[in-house]
Amino acid sequence: MVGRTLREIRGELESLAVADGRYYVRCGRTGERPVPVDELWFPDRSAAVEAVRVAHAYRATLRRYDPRAPWYDFVVCEATDERPGSG
């Protein structure tokens with residue numbers, strides 16, 4: 001297979017993430033936070049925007065293995081008082 005592996009792409013995505021970020025990525029249509037952005041947080045909007053680009057690459061590579069993998073419309077969100085999924 002030509003191109004980067006899912007593991008390599010996931011590593012790039014995780015390198016953008018931080019433990020205490022205020023930004024996250026989700027699907028604008030469904031509200032889901034799918035793999036590979038499901039539990040990741042980003043320090044600023046620009047890192048989250050880059051994460052969207054990387055997440056699209058991940059999902060495209062995933063579809064090579066499973067053409068039925070769902071499509072997501074990733075959007076960047078900023079957490080307010082409480083992080084989604086923390087309560």
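The values are calculated or read from the model by the stated rules, or taken from the named source; none is laboratory data. Keep in mind that this is a model prediction, so the values were computed, not measured. Methodologically, a virtual Cβ is constructed for each residue, glycine included, from the backbone with ideal geometry; neighbour enumeration extends over all protein chains shown. Ligands, DNA and RNA are excluded from the accessible area calculation, which covers all protein heavy atoms including side chains. Shrake-Rupley method; radii C 1.70, N 1.55, O 1.52, S 1.80 Å.
Please find, among G21, G11, G3, the residue that is open to solvent by less than 40 Å² (accessible area, probe 1.4 Å) and either of a type in the set (F, W, Y) or in a loop (DSSP other than H, G, I, E, B) (or both). Break it down into steps so the answer makes sense when it comes.
Details: G11 fails: either of a type in the set (F, W, Y) or in a loop (DSSP other than H, G, I, E, B) (or both); G3 fails: open to solvent by less than 40 Å² (accessible area, probe 1.4 Å).
Checking each option against the conditions leaves just G21.
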Conditions (1) surrounded by fewer than 16 Cβ atoms within 10 Å (Cβ to Cβ); (2) free of Cβ contacts under 8 Å to residues at least 40 places away in the same chain; (3) within 15 Å of C77 (Cα to Cα): number failed by A60: (3)
Within the range 24-56, tally of residues that are surrounded by fewer than 18 Cβ atoms within 10 Å (Cβ to Cβ), small (G, A, S) and either in contact (Cβ under 8 Å) with a residue 40 or more places away in the chain or on the phi > 0 side of the Ramachandran plot (or both): 2
